[in-house]
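Peer 1: My questions all concern the structure below.
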Amino acid sequence: MNNKEFVAELSRKLGYKQDRTQKLLLNVLNGMGDSFMDGNIVQVPNFGTFEVRKKMERVMVSPTTGQRMLVPPKMVLGFKPHPSLKDKIKNGGEE
Amino acid sequence: MGKLSVQDLAGILVEKNGLDKEEAKRFVVAIFDVIQSGIETDKLVKVKGLGTFKVVDVDARESVNVNTGDRVLIDSHSKVTFTPDSTMKELVNKPFSGFETVVLNEGVEFEDTPTPKSSANASEDPEKESDEVVEQTATEEEHDPVTEEKMTVADAEETVETPLPSSSWGRSILLLAVGLCVGFVLGYFVGKMNFFTAVDAQQETTALKVDKPAAADTLAQDTALVEGNADSVQAVAPTAPAVVAASEPVAKSTEAEPDYKKYDDMDARVRLGAYYIVGTDQIVEARDGETLAHLSRRYLGEGMSCYVEVYNGMSAKTVLTEGQQVKLPKLKLRKYLKKK
């Protein structure tokens, strides 16, 4: 399901026009982004938790040049699915 | 570290889009419901501005029961993965946005485990200093998260913590720094000494020595020298008056010179410059809207604005008004720069 389909499905479900849902979606995502910048996590019940994690710097060997490089530390966004979702997927896969 | 809920996200919609509370909540819930159903149905959902949710199959693997230590088999199954998209990645990584991966130079090493010389290059010592050197080339901003990181990296890498660098390379750097500082201090004093001893050398042949730092015309002193050299014993008497005569102009001119010290203190350019400020040369009037720098260039030439600035207590960029009076300092070439 790509972005277009996602917005279409969302609009259909709510009965809004697509451009309206797009705008609202954008605001929600911006809100999440601000929360991440402040260091807060976003928790959605029965879906999962989005959190910001810090990654330490590390030494890596470039696959192209073979030189040793230093990758700087960074912050990344992580997602932890809620157990109910996890189970659904787990069991769905086993079928 | 706080938590944001669906309620908070809904609140944003109420605020920004004028939805009512119920509608907003319904919307936010719907977002994730649709994502969920999309994950279940299509195994992949892409949301622009957020990221991609994918269902990934994992093979069965052997593992150990953490409590009992028995070997256990984890069945093959599927799991939900999330990869943020580039917009979100950049947003989240903002505090570290100035960093880039850099090439690691030869001789720099990071030990992941505290075991000594585990690498193939046995001749190199494990170095902690390298962190700081390389990081400084990479960083431009935000030292706090970096220093925090350096601490944790350093802690992780070393079993023994020492306040001073324990490596030989670090120690030699420290010695070099100390040596440089000492060298600078010594050099400063040596420089000051040379200023005085150059003059003293000229007067070695005379019995009398001038105490005050001689900045006066050396003509009088030279005559004293000539007379002194002719007959050192007999000429002591005749040189005495000559030297006395010489010391008078010395006394006179040194009256003006101590004043220059206050200008030296005001500006390093004046302190290191080729001239003393010995008084006012003339008072001139500025043209409308010209800067002090421009005026000084007009009357004194290039490179003299520091003297004018300091003498008038104004900066070079001061914009002057029509007819504003500016004092031009009288400048005297410093003794040790005499071209003989």
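Peer 1: For B:V72, are the conditions met, namely being more than 53 Å from the chain's Cα centre (by Cα) and at negative phi?
Peer 2: On the way: more than 53 Å from the chain's Cα centre (by Cα): yes; at negative phi: yes.
Against the criterion (more than 53 Å from the chain's Cα centre (by Cα) and at negative phi), B:V72 qualifies.
Peer 1: Taking the range A:11-24 only, how many residues are open to solvent by less than 80 Å² (accessible area, probe 1.4 Å) and within 7 Å of chain B (Cβ to nearest Cβ)?
Peer 2: Let us first name the residues in the range A:11-24 that are open to solvent by less than 80 Å² (accessible area, probe 1.4 Å), namely A:11, A:14-16, A:21, A:24.
With within 7 Å of chain B (Cβ to nearest Cβ) added as a condition, the list becomes A:14, A:24.
Qualifying residue count, the range A:11-24: 2.
Peer 1: Can you pull out every residue in the range B:261-316 that is crowded, with 20+ Cβ neighbours inside 10 Å and more than 29 Å from the chain's Cα centre (by Cα)?
Peer 2: B:Y276, B:I277, B:A286, B:L292, B:L295, B:S296, B:V308, B:Y311
Peer 1: Is it fair to say B:V14 is more than 7 Å from every other protein chain (Cβ to nearest Cβ), within 19 Å of A:Q43 (Cβ to Cβ) and surrounded by fewer than 21 Cβ atoms within 10 Å (Cβ to Cβ)?
Peer 2: Numbers: more than 7 Å from every other protein chain (Cβ to nearest Cβ): yes; within 19 Å of A:Q43 (Cβ to Cβ): no; surrounded by fewer than 21 Cβ atoms within 10 Å (Cβ to Cβ): yes.
So B:V14 fails the test.
Peer 1: Kindly check whether there is at least one residue in the range A:33-56 that is open to solvent by 90 Å² or more (accessible area, probe 1.4 Å) and in a helix (DSSP H, G or I).
Peer 2: Checking the range A:33-56: not a single residue is open to solvent by 90 Å² or more (accessible area, probe 1.4 Å) and in a helix (DSSP H, G or I).
Peer 1: Is at least one residue of the range A:74-91 modelled with pLDDT of 90 or more, assigned to a strand (DSSP E or B), under 18 Å from B:E100 (Cβ atoms) and more than 7 Å from chain B (Cβ to nearest Cβ)?
Peer 2: no
Peer 1: Continuing with this model, one more query. Could you tell me how many of the residues in the range B:29-44 are facing chain A (nearest Cβ under 7 Å) and either in contact with an Asp or Glu (Cβ under 9 Å, 6 or more places away or on another chain) or among the hydroxyl-bearing types (S, T, Y) (or both)?
Peer 2: Residues that pass the stated criteria total 3.
The values are calculated or read from the model by the stated rules, or taken from the named source; none is laboratory data. Note that this is a predicted model, so its numbers are computed, not measured. Methodologically, a virtual Cβ is constructed for each residue, glycine included, from the backbone with ideal geometry; neighbour enumeration extends over all protein chains shown. The protein model used for the area step is the full one, side chains on, heavy atoms only, and it has no ligands, DNA or RNA in it. Shrake-Rupley method; radii C 1.70, N 1.55, O 1.52, S 1.80 Å.
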